[in-house]
C-alpha cells in the first residue's frame, strides 16, 4: 500500500528497508538506541514498508528470530566471542548475513543505526545505498563519550584515557602506548570513512550535525540531515507503592559526574528547607557519595534501578525532571520521555538538549555547572503550580509535534525517497 508523501504530494511505493543495529529488543538493560530503532521500524512498517533487522556483532554465527513480527538476525550468546569494538576489524557472521540479504532479498536501503554498525555495512553494501544515524560522539571519540577536553586519542595518558580510567594500564611502556594510540586513530578513521561513503547521514540533533559536518563534508550526496529519535507516548503505570512524598523533583540516569549527579547534594542544600526532595532513579560511581550526603534519605532519596513503566509514572508526578549534565548530551531519550508525560525539565544547556527543551516554555535551560541558576529555576517551579502545569502541557504538545513517531517515520521515509531520486538522476543506482 502506498502512502502520501506530504512534501511532494506523490504516493510513496513500499520499500524494503534493512536496519543494521547494535542492539534490538528483547534485550535486558537496552538503552535508547535499541528502543529508537524498534519504534522507527514499527513506524515505517505502519507506513507500508517491509523492514528487517540485523543485530551486528563480532560473532561466529547469527540466528534468525522474530520479534513483534520483524525478522531479526542476532547472535546466540554462546557464539559471541569478541567485544563490539571488534567490528572495526572483524564483521564475521554479520557481514555474511548482510551479503546474503543484499543478494537474495535486495533491500532498497540499508540503514545503520549506529556508527559501529556502519562499519559492517560499509564493507558489504556494494551497490545498495546506505544511511547512517549518528546518535553519539563515536565519529570524534574512540569511546563515544567525548568526556575529555580534547578529542580522543590525543587525550591518552599512558594507555589509559582520562574519560575511561579503567581502560588500559598506567605503567604500560612506550611501545604499548604508541601501538594503542595508532590503533585508536585507525579505528576512528574507519568510522569516518564509513560516514563519507553513506548516501545520507542522519544526526539526532543539531549539535551532533554540527559536530560531524566537517567529517562528512558535502560528498558524496549532500548535507547531514537532522532527524531526531522518535518516541511513542505511553500511559504511565499506576504510581509506585514506595510511600512517595506528595511533591518531589526527579533525577533519572547514571549516577556519574559527567551526568552532574555529584552536584545534587549542593543543589538540594541550596533549595529552601521546605522544597521538595529529589528522587533518584539509577546507579553509578557517585552512589556512595550521594548516600553519605543524606544518610536519612530525607532530601536525596535513591531508588536504584527502576523499570521504565515506573519511571514514566514518577515523571508524570514530578514537579520537574532535574538534568544537571556536564557532558554534551546528544539527544536524551530521558528528556523525551519526560516531555511525553507532561513533566517540565530543568537542564543544563549542553549538546542537543536545546533541541528538546525550549527555555521558558517546556522547561528551563541553564549554563553548565551553574548550580545557582539551576536551583533558582527548580524553586520557581516548586512555588508556582500554574507555571508547572503550563510547562508540562507545552512539553507534551512539543513532544508529539517534534518527536512523535508519525512525524519521525515520515521524515525518514522522505529522506529515503529523496535519496533514491537523487541517485537516479545521477545514474548511481
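Quick note: the coordinates plus some simple rules give every number you see, no bench work behind them. The structure presented is a predicted model; accordingly, all values stated were derived computationally and were not measured. Every residue, glycine as well, gets a Cβ built from its backbone with ideal geometry; the counts of neighbours run over all protein chains shown.
For residue 16 and residue 397 in one chain, what is 0.36 nm times their gap in residues minus the Cα-Cα distance, to one decimal in nm?
133.9 nm is the gain from fully extending residue 16 to residue 397.
For region 283-301 and region 320-365, what is the separation of their Cα centres, given in Å?
Measuring centre to centre over Cα atoms gives 23 Å.
Can you pull the Rg over Rh of region 186-281, Cα-only, Kirkwood?
My calculation puts Rg/Rh at 1.19.
Arrange the peptides 224-233, 376-385, 195-204 so that the one whose residues have, on average, the most other Cβ atoms within 10 Å appears first.
195-204, 224-233, 376-385
PRE reach from residue 308 (point 7 Å along Cα→Cβ): which of region 223-256 fall under 11 Å by backbone N?
231-234
At a Förster distance of 51 Å, what's the computed FRET efficiency of residue 68 paired with residue 126, Cβ-Cβ distance as r, to 0.05?
For R0 = 51 Å, the calculated efficiency reads 0.95.
Based on the Cα atoms of region 334-429, what semi-axes does the equivalent ellipsoid have, where each is the square root of 5 times one gyration tensor eigenvalue, given in whole Å with the largest first?
37, 16, 7
If the viscosity is 1.002 mPa s and the temperature 20 °C, what Stokes-Einstein diffusion coefficient in µm²/s follows for region 224-365 when Rh is the Kirkwood radius over Cα pairs?
After rounding, the answer is 139 µm²/s.
Pulled fully out, how much extra length does the chain show between residue 96 and residue 390, if you take 0.36 nm times their separation in residues and subtract their Cα-Cα distance?
That works out to 100.5 nm of additional length.
I'd like the FRET efficiency for residue 421 and residue 270, computed as 1/(1 + (r/R0)^6) with the beta carbon distance as r and R0 of 51 Å, rounded to 0.05.
The pair residue 421/residue 270 has a calculated efficiency of 0.40.
Could you check the spin-label model distance between residue 178 and residue 210? Points 7 Å from the Cα along Cα→Cβ, value in nm.
3.9
Taking the Cα-to-Cβ direction at residue 193 and at residue 235 and moving 7 Å from each Cα, how far apart do the two end points lie in nm?
Each label point lies 7 Å from its Cα, and together they span 5.3 nm.
Grab the Cα-Cα distance for residue 76 and residue 371, subtract it from 0.36 nm times how many residues apart they are, and report the gain in nm with one decimal.
Contour length minus Cα-Cα distance gives 101.5 nm.
Hey, can you rank 271-282, 322-333 by average C-beta count inside 10 Å, highest first?
322-333, 271-282
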